[in-house]
Amino acid sequence: MVAECRETRARAGLLHTPHGTVETPVFMPVGTQATVKGLTARDLAEDLDVRILLANTYHLYLRPGPDLIREMGGLHRFMSWPNAILTDSGGYQVFSLSGLRKITDDGVRFQSHLNGDSHTFTPESTVDAQLAFGSDILMALDECPEYPASHEYARESMRRTLRWARQAAEHHRRRLQESPTRHALFPIVQGSMYRDLRRECAAALLDLDADGYAIGGLSVGEPRPLSMEMVEASEDILPRSRPRYAMGVGMPAELPEYVARGVDMMDCVLPTRNARNGCLFTSQGRVVIKHARYRDDPRPLDETCQCYTCRKYSRAYLRHLFQAGEILYAVLATRHNIQRYLDIMREIRHAIISNRYPEYLRTVRLASSDAA
Ligand SMILES: [Zn+2]
């Protein structure tokens, strides 16, 4: 921990991993298939200074498979990525992507969305897959219930996630005895949108004395104030000395809100997916690049942005590339949106360290209510 806000729960810290130190609060770009779509490792590591990114266990487990990735020297070497990697447990994708699935107390049996083949994830097998990848931070298998879920189902599901977290932690401890490298394992707080279940889950996970804790099951269709409330319900139970990761969030205006609630790490497909769909985030709000008003606009996308896209290209050119369906559009747009997210995180961290986070938060809240 480097600095703490006196009014809010925000803090700035350093997260040490076998592949370098990460300044927190941090936003992790999503590299679903061992690539952040449209960007090279050089763009990410050298130009954008990304220190940690996320890859998806579900996708990489199905294709190309953990054995192949291990044979190729692990995920870092395979994708030529020098910095830290966090992998999710695959739970979320099993529940959102795969058609047929059957949850038992042992794990979850599912059909691949690629070819219909049947597979099983257990707490142990997902730890093994992530160790084969060589991830710096592994996630324990969890069940991510749909929204809305009944209290009864949410409780049953949360308790299953707890049992799985204990099994994953036990297996991880055993496996790490044979490993020269330290790989962290984060369990996940679940409990759907019920405050009491979130608190029960967070409290029970403390027994694991984990390297960090994740708050999952957010961004599943619930209204935003409810996601914030669920983070608040879990956060004050989790140890202040460990990193907390809010999974799958959020919009640019939400990043400071999560940080104000004690979150250190976030990830989301929004900056990359929206970039490809023509939605660009700027310091002045959202730009929908296909709009006719940008047809002959010579200005950069964001006049205050230092990214390659904003230094070199006009809105008119970006709009042209988008309309023409050119690959370069996705490359330039993604680069800018990632830069925007990283800039927001740098502003946040700087505000916390310079002891003016409450003031910063008021300013961004005002700006986002103006924009809305
Ligand atoms: Zn830019």
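The values are calculated or read from the model by the stated rules, or taken from the named source; none is laboratory data. As the structure is a prediction and not an experimental result, all values here were calculated from the model. Cβ placement follows ideal geometry from the backbone for every residue including glycine, while neighbour counts extend to all protein chains displayed. Keep in mind that these areas ignore ligands, DNA and RNA; they rest on the heavy atoms of the full protein, side chains included. Shrake-Rupley method; radii C 1.70, N 1.55, O 1.52, S 1.80 Å.
Within region 175-198, being within 22 Å of Ile215 (Cα to Cα) and free of Cβ contacts under 8 Å to residues at least 24 places away in the same chain holds for one residue alone: Asp196.
How many residues are away from the ligand (no atom under 16 Å from the Cβ) and crowded, with 19+ Cβ neighbours inside 10 Å when one looks only at region 340-356? Counting residues in region 340-356 that are away from the ligand (no atom under 16 Å from the Cβ) and crowded, with 19+ Cβ neighbours inside 10 Å gives 4.
This table checks each residue for (1) within 22 Å of Ala260 (Cα to Cα); (2) without any contact (Cβ under 8 Å) to a residue 60 or more places away in the chain; (3) of a type in the set (D, E, K, R).
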| position | (1), (2), (3) |
| --- | --- |
| Ala10 | yes, no, no |
| Leu14 | yes, yes, no |
| His19 | no, no, no |
| Val36 | no, no, no |
| Thr40 | no, yes, no |
| Asp47 | no, no, yes |
| Ile85 | no, no, no |
| Asp88 | no, no, yes |
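Kindly establish whether Val259 is touching a residue at least 24 places away in the same chain (Cβ under 8 Å), buried (at least 21 other Cβ atoms within 10 Å of the Cβ), more than 14 Å from the ligand (Cβ to nearest atom) and part of a loop (DSSP other than H, G, I, E, B).
Numbers: touching a residue at least 24 places away in the same chain (Cβ under 8 Å): yes; buried (at least 21 other Cβ atoms within 10 Å of the Cβ): yes; more than 14 Å from the ligand (Cβ to nearest atom): yes; part of a loop (DSSP other than H, G, I, E, B): no.
Here the answer is no, as Val259 does not meet what is asked.
Selection of region 1-47 for residues being in a loop (DSSP other than H, G, I, E, B), surrounded by 21 or more Cβ atoms within 10 Å (Cβ to Cβ) and out of contact with any strand residue (DSSP E or B) (no Cβ under 6 Å at 6 or more places or on another chain) yields Cys5, Ala10, Pro25, Val36, Leu39.
Take region 272-303 and flag every residue that is under 26 Å from the mean Cα position of the chain (by Cα) and near the ligand (Cβ under 10 Å from one of its atoms). Give the derivation first.
Keep residues of region 272-303 that are under 26 Å from the mean Cα position of the chain (by Cα), which gives 272-289, 301-302.
Leu280, Phe281, Thr282, Ser283, Leu301, Asp302 - these are the residues of region 272-303 that are under 26 Å from the mean Cα position of the chain (by Cα) and near the ligand (Cβ under 10 Å from one of its atoms).
Give the residues of region 244-253 that are buried (at least 20 other Cβ atoms within 10 Å of the Cβ), away from the ligand (no atom under 16 Å from the Cβ) and not hydroxyl-bearing (Ser, Thr, Tyr), sorted by residue number. If the condition is that a residue be buried (at least 20 other Cβ atoms within 10 Å of the Cβ), away from the ligand (no atom under 16 Å from the Cβ) and not hydroxyl-bearing (Ser, Thr, Tyr), then Arg244, Ala246, Met247, Gly248, Val249, Gly250 are the ones that fit.
Only one entry of Ile85, Ile52, Ile69 meets the criterion of being modelled with pLDDT of 95 or more, open to solvent by less than 10 Å² (accessible area, probe 1.4 Å) and over 18 Å from the mean Cα position of the chain (by Cα), and that entry is Ile69.
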